[in-house]
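The values are calculated or read from the model by the stated rules, or taken from the named source; none is laboratory data. This structure is a prediction, so every number in the text was calculated from the model and none was measured. Virtual Cβ from ideal backbone geometry, glycine too; neighbours counted across all protein chains shown.
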Amino acid sequence: MATRDRHSRERSRESGVLVHVERRPSSRPRAYRRRRPAWVYWLRRGVLAGFVVLLVVTTWSIVGALRAPGDDGASVKLAEWGRDHGLGPAVTLAETVQYKLSPPATGGSPDTSVLASGAAIANGAVAHGPGTTVETLHARLTTPVSPSLAGEGVFVPAVTTKSGPLVQVTYVRPDSVHTSYLTGVAWMSHTLRFVLHPGFQDPGTAGMTQPSQIQPTQYPGLVASFNGGFKLKDAQGGYYDNGKTVGPLTNGAASFVVYKDGHATVGTWGADVSMTSQVAFVRQNLQPLISGGTVAPNLDANVQGNWGTTVGGGYAVWRSGIGVTATGDLVFAGGDALSVSSLADVLQRAGAVSAMQLDINKAWVSYMWYSHTGSHVTPHKLGDFQRPADRYFNPTSRDFVAVYAP
């Protein structure tokens, strides 16, 4: 009976037979669910909430960057946003891959159509405009590649007045390797007036005397414009606008200086140029390319550290620079497939006795000259750079220089 009492009786629904089923104790211990501490639950909730907040803030920041005014493309805005938010190495890596997939070409011949006017002048077969003769044009450049092409290095009047040319332009190949590219060179008379405009992002317009674009009221007399330098956090120098300073003006830095009468020069801060009551604008950028007529000896040393992080660390990329001649005229050079050395070489060939690098990479290099028909102003590009010719008629994220007739 004791054995039977340890059994339960169940009746089969199908047969009605009484079946004894033995219930044996399980060999596994009974499992118990332990309740996790409350702090674990709240920690998980906090991490999830933090992630959601970070995602929302990041998305909002990126959207704000993409919606910023100006003609910076989406890829440029995203790259700049990344560099400003600690993602510089990732941006550089992406640019490195792109650069390696499409490096600058070597050998070959350039498009010579832009040299046609220079060839015509060299052959004496072109009218030069009011007040312009062959004698008033800048001397032909000794080109980096020999023999020179027809019209290469021959200056063409771009903006002229009855008293003579104010802006002249020409093109030369940058070196004997990248022979399918042309570097644009612009000569600007020392009589011109220069105005430094801030970018609305860098250095910002707060406290500045100029807006981040050329206003319609400033169109009369406008003859040229060109890009400024690196972002100030990378420029190793400062920015000055009539008493307002952003970043410290640094001794030894290459400096573009504009005086209150409008004339401009390029020099080494603390040596060739310094602060006086007549200084209106200063834009510093890195170290001098040329000083006292001599090209700096370290141009090929630590290119990234000394001359800026180019696209993927590329050596021959879009670059620009500005210099001053012995007579006080300004010369600008800019184009693709330029090394630091070849940029300095072109500027020296154009007569610069002091010169500095400006901005680099295809998104930032630009030079325009302007023609006027009544109240209408037409911009013209010096070279085939990426940005539209009217870029400075719109709010601009980086600083630039506008040039006006005397």
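Please work out if PRO174 is in the same structural domain as ILE360 (by TED's automatic domain parsing), on the phi < 0 side of the Ramachandran plot and free of Cβ contacts under 8 Å to residues at least 12 places away in the same chain. So PRO174 fails the test. Of the strands (runs of 3 or more DSSP E) contained entirely in the range 214-293, those carrying at least 1 residues that are surrounded by 19 or more Cβ atoms within 10 Å (Cβ to Cβ), more than 18 Å from the chain's Cα centre (by Cα) and of a type in the set (D, E, K, R) fall at 239-241.
Identify all residues within the range 140-153 that are under 14 Å from VAL331 (Cα atoms) and either touching a residue at least 60 places away in the same chain (Cβ under 8 Å) or touching a Lys or Arg at 6+ places or on another chain (Cβ under 9 Å) (or both); write none if there are none. Quick ask: steps written out before the conclusion?
So the first thing to find is which residues in the range 140-153 are under 14 Å from VAL331 (Cα atoms), and the list is 140-141, 153.
Matches in the range 140-153: LEU141, GLY153.
Of all the listed residues (VAL114, VAL185), the sole one being within 19 Å of TYR370 (Cβ to Cβ), part of a helix (DSSP H, G or I), modelled with pLDDT of 90 or more and out of contact with any His (no Cβ under 6 Å at 6 or more places or on another chain) is VAL114.
Tally the residues that are basic (Lys, Arg) and within 19 Å of the chain's Cα centre (by Cα), restricting the search to the range 333-372.
1
Confirm whether PRO198 is surrounded by 22 or more Cβ atoms within 10 Å (Cβ to Cβ), within 25 Å of ALA405 (Cβ to Cβ) and either charged (D, E, K, R) or touching a Phe, Trp or Tyr at 6+ places or on another chain (Cβ under 9 Å) (or both). Yes; evaluated as a whole, the condition is true for this residue. A Cβ distance below 7 Å, combined with a sequence gap of six or more or placement on separate chains, defines the contacts here; from the range 225-248, residues that are farther than 25 Å from ALA405 by Cβ and modelled with pLDDT of 95 or more reach residues that are in a loop (DSSP other than H, G, I, E, B) and of a type in the set (A, V, I, L, M, F, W, C) in the pairs GLY237/LEU249; GLY237/ALA253; GLY238/LEU249; LYS244/MET208.
Kindly indicate whether VAL401 is in a loop (DSSP other than H, G, I, E, B) and either more than 20 Å from VAL156 (Cβ to Cβ) or acidic (Asp, Glu) (or both). Break it down stepwise before answering.
Values: in a loop (DSSP other than H, G, I, E, B): no; either more than 20 Å from VAL156 (Cβ to Cβ) or acidic (Asp, Glu) (or both): yes.
For VAL401, the condition - in a loop (DSSP other than H, G, I, E, B) and either more than 20 Å from VAL156 (Cβ to Cβ) or acidic (Asp, Glu) (or both) - is not met.
Please pick out the residue among GLY151, GLY107, GLY70 that is modelled with pLDDT under 85 and in a loop (DSSP other than H, G, I, E, B).
Details: GLY151 fails: modelled with pLDDT under 85; GLY107 fails: modelled with pLDDT under 85.
Step by step, each of GLY151, GLY107, GLY70 is checked, and only GLY70 is modelled with pLDDT under 85 and in a loop (DSSP other than H, G, I, E, B).
Among the residues examined, VAL169 does not qualify as in a loop (DSSP other than H, G, I, E, B), under 25 Å from THR378 (Cα atoms) and modelled with pLDDT of 75 or more.
Go through the range 333-381 and give me each residue that's among the β-branched types (Val, Ile, Thr), closer than 24 Å to GLN218 by Cα and assigned to a strand (DSSP E or B). Residues satisfying the conditions are THR373, VAL377, THR378. Taking the range 318-354 as the range and being more than 22 Å from VAL177 (Cβ to Cβ) and of a type outside the set (S, T, N, Q) as the test, the residues that pass are ILE322, GLY323, VAL324, ALA326, GLY328, ASP329, LEU330, VAL331, PHE332, GLY351, ALA352, VAL353.
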